[in-house]
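The values are calculated or read from the model by the stated rules, or taken from the named source; none is laboratory data. The model shown is predicted, which means the values in this text are computed figures rather than measured ones. With ideal geometry, Cβ positions are generated from the backbone for all residues, glycine too; neighbour counts draw on all protein chains shown. The protein model used for the area step is the full one, side chains on, heavy atoms only, and it has no ligands, DNA or RNA in it. Shrake-Rupley method; radii C 1.70, N 1.55, O 1.52, S 1.80 Å.
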Amino acid sequence: PLTSAWLGRFHNPLGYWNTQYHHGTYLQTSVSRPEIAELEHSGGLLPSHITGLLMETSQQLSNDGALDFSFAAGTSPELRQENTGPVLHPMQIFNPGKGNHKFNFTARMAYRPDTILNNQLGAFASQVEIASSVSSVDSINLSIAGLFAYWEKQNLKIYSSLFFVDNTVTSAAVKNKGSFSSGYIQLDYFLHDDWTLFGRLEDSYGENGDPYLALMNSFSPQAQVAGIRWDITHRQALKFEISRREKTSNTSVSTVLNWSAVFP
């Protein structure tokens, strides 16, 4: 009863955000996702989706805790050129023959000290081979590892992930190697039953001169996000968010007002 298998397309079990929140913004407190957890179609750096097999199981511990395990194996995305620059494209499940898709393997482990609560600490690792249709790139290899945590107490929620990425970009038989780390921490504070303040810090290290990040030019290594969420009803939420994102050459500030809902 504690083991399940999923055959098809699913979210890559990397970190915390990608396993907890789907594409709709209603489930997450903020409007935006962290840059390192951004989805492929929005310029994300890492594979958000895998088409293949996902195995999940849980081992109960004697102290009312549990160890949760996830193992994923399937297809990786293909790098394709778009108007905004190179973008990762996962396999289309209704058009599996489109593009060239190699392999992605991911493992994730989480320790929950109390199975009644969602509090957890964990680690993950992934190996990804990415084919490319971009003329200047032959292939990309990513080795990803990291840590994540979620802790909730009274009116405060804290959740965070830290990613370490080794990458090799092959172009015209020349292999360019690099590595960088990136992470985020978000705090949600419940002011009232219907109002939540949130703030998020994102930072990266080693991004300058990295060959993979040089390709994926939409990534912002540093960001600061703050906002407020109002749950209008049990199925509707209104959010206001302001963010400051920093790149090597420029800094941008944006504000967004978002309405989201669950149907029916």
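Once the Cα gyration tensor of the stretch 124-243 is found, what semi-axes does its equivalent ellipsoid get, as square roots of 5 times the eigenvalues, in whole Å, sorted largest first?
For the stretch 124-243, the semi-axes come out at 37, 15, 13 Å.
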- Query: In cubic angstrom, how much convex hull volume per residue do the alpha carbon atoms of the stretch 79-170 span?
  - Reply: 157
- Roughly what percent of Cα-Cα pairs across the stretch 155-208 reach past 16 Å? 60
- Convex hull of Cα atoms in the stretch 190-234, direction-averaged projection (nm²): 4.7
- Message: Could you tell me the ratio Rg/Rh of the stretch 1-109? Both radii from Cα atoms, Rh via Kirkwood.
- Response: 1.02
- If r is the Cβ-Cβ distance from N95 to K153 and R0 is 51 Å, what FRET efficiency results, to the nearest 0.05? 0.65
- Mind listing the Cα extents of the stretch 1-59 along all three principal axes, in Å, largest one first? 35, 23, 17
- If you build a Gaussian network model of the chain, linking Cα atoms that sit under 10 Å apart, which residue out of N104, N83, N118 swings the most? N83
- Carbon and sulfur %, accessible surface of the chain computed with the full protein complex present, 1.4 Å: 59
- Relative contact order (percent) for the stretch 38-131, with alpha-carbon contacts under 8 angstrom and 6 or more residues of separation? 27
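Below 8 Å, C-alpha to C-alpha, sequence gap of six or more: please give me the relative contact order for the stretch 158-234 in percent.
29
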- If contacts are Cα pairs under 8 angstrom and at least 6 residues apart, what is the relative contact order of the chain in percent? 14
- Task: Over the chain, average the accessible area per residue using a 1.4 Å probe and give it in Å², no decimals.
- Result: 51
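Tell me, in nm to one decimal, what length is gained between Y205 and T115 on full extension, where the rule is 0.36 nm per residue of separation less the Cα-Cα distance?
Residue separation times 0.36 nm, minus the Cα-Cα distance, leaves 28.9 nm.
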- Query: Based on Cα positions only, what radius of gyration and what Dmax would you give for the stretch 206-261, in angstroms?
  - Reply: 15.7, 48
- Message: Can you give the log10 of the normalised intensity I(q)/I(0) at q = 0.15, 0.16, 0.19, 0.30 Å⁻¹, computed with Debye over equal Cα scatterers of the stretch 65-125?
- Response: -0.65, -0.69, -0.77, -1.17
